[in-house]
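Quick notes on the structure that follows.
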Amino acid sequence: MKPTISPSILNCDIADLRGELTKISSADVAHVDVMDNHFVPNLSWGLPVAEAVVASKILPVDAHLMIEDPDRWAPSYAEIGCQSVTFHAEAAAAPLRLARELHRIGSRVGLALRPATDIAPFVDILSEFDMILVMTVEPGFGGQSFIDSMLPKVRRTREAINAAGLEVSVQVDGGVSRRTIERAAEAGADNFVAGSAVFTADDACAEIATLRELAARHCH
């Protein structure tokens, strides 16, 4: 499985959004973290910024909605052209219905799990999603350290997907860097959200290439 590198613009210079997107143009997608200061204790940006990233046409957009009431708000992100829209299992009232609505509009759909949320309750509906996001930090802030105890959950998720004969990506988000990406890939992840590791590098494109190469050694 080919690894996907998804730099998070949470760590970019927002005053130069186009320049920062250009800097990571060798990535597969741009990961846009939307936070509402309710579901997580931080406020980032919302629909207008996601729409601006889509409109730049530099990279496809992977929107990660760390918000309350995604049942109401997530469809708008699909409607503006985000390639993928991920909502949190803990916040959605009707995740199955929402997944089908997002697919109807035309986006790929991701289901995100906070560190303490098990994959087990969702195993029977994995086919409704294109991606499962296993958070490897508590969502809300960039620059946190990778939580190694999430690796068994990544492995269980990949095993459940394989057992069902599905083609569903497993994304990890939080503390992804040269030091951690190989462990995550070995556990079964194939989509990697790297924020500070990419945007603090002297050469973002070179860092993306290095991360992709390290992950490719272990992606199943």
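Rule-based calculations on the coordinates, nothing more; no lab input. Please read these numbers as outputs of a predicted model, since none were measured by experiment. Note: ideal-geometry Cβ built from the backbone for every residue, glycine included; neighbour counts use all protein chains shown.
For region 53-67, enumerate the residues that are within 15 Å of residue 108 (Cβ to Cβ) and not aliphatic (A, V, I, L, M).
We begin by selecting, within region 53-67, every residue within 15 Å of residue 108 (Cβ to Cβ); these are 54, 59-65.
If the condition is that a residue be within 15 Å of residue 108 (Cβ to Cβ) and not aliphatic (A, V, I, L, M), then 60, 62, 64 are the ones that fit.
Looking at region 1-30, which of its residues are assigned to a loop (DSSP other than H, G, I, E, B), aliphatic (A, V, I, L, M) and touching a Ser or Thr at 6+ places or on another chain (Cβ under 6 Å)? Explain how you work it out, then say what you get.
Of region 1-30, the ones assigned to a loop (DSSP other than H, G, I, E, B) are 1-3, 6-7, 12-13, 24-29.
Now drop any that are not aliphatic (A, V, I, L, M), which leaves 1, 24, 27, 29.
Passing the criteria: only 29.
Exactly one condition in (1) closer than 24 Å to residue 91 by Cα; (2) in contact with a His (Cβ under 8 Å, 6 or more places away or on another chain); (3) surrounded by fewer than 17 Cβ atoms within 10 Å (Cβ to Cβ) is false for residue 152; which is it?
Residue 152 satisfies every listed condition except (2).
Whether any residue in region 159-182 is closer than 18 Å to residue 6 by Cβ, of a type in the set (Gly, Ala, Ser), crowded, with 16+ Cβ neighbours inside 10 Å and out of contact with any strand residue (DSSP E or B) (no Cβ under 8 Å at 6 or more places or on another chain) is what I want to check.
yes
Is there any pair linking a residue in region 178-190 that is closer than 12 Å to residue 152 by Cα to one that is among the β-branched types (Val, Ile, Thr), with Cβ under 6 Å and at least six apart or on different chains, and which?
Pairs that qualify, where the first residue is closer than 12 Å to residue 152 by Cα and the partner is among the β-branched types (Val, Ile, Thr), are 184/172; 187/154; 188/154; 188/170; 189/154; 189/170; 189/172.
Which residues, counting only those in region 148-190, are touching a Gly at 6+ places or on another chain (Cβ under 7 Å) and of a type in the set (Val, Ile, Thr)?
Within region 148-190, 154, 157, 170 meet the criteria.
Looking at residue 7 and the list (1) touching a Cys at 6+ places or on another chain (Cβ under 8 Å); (2) touching a residue at least 60 places away in the same chain (Cβ under 8 Å), which single condition is not satisfied?
(1)
Please name all residue pairs, on different chains or six or more residues apart, with Cβ atoms under 8 Å, provided the first residue is in region 197-220 and is in contact (Cβ under 8 Å) with a residue 24 or more places away in the chain and the second residue is surrounded by fewer than 17 Cβ atoms within 10 Å (Cβ to Cβ) and part of a helix (DSSP H, G or I).
214/182; 215/182; 217/182; 218/182; 218/186
If you take the residues of region 206-219 that are among the hydrophobic types (A, V, I, L, M, F, W, C) and not in a loop (DSSP other than H, G, I, E, B), which of them is nearest to residue 111 (Cα to Cα)?
That would be 215.
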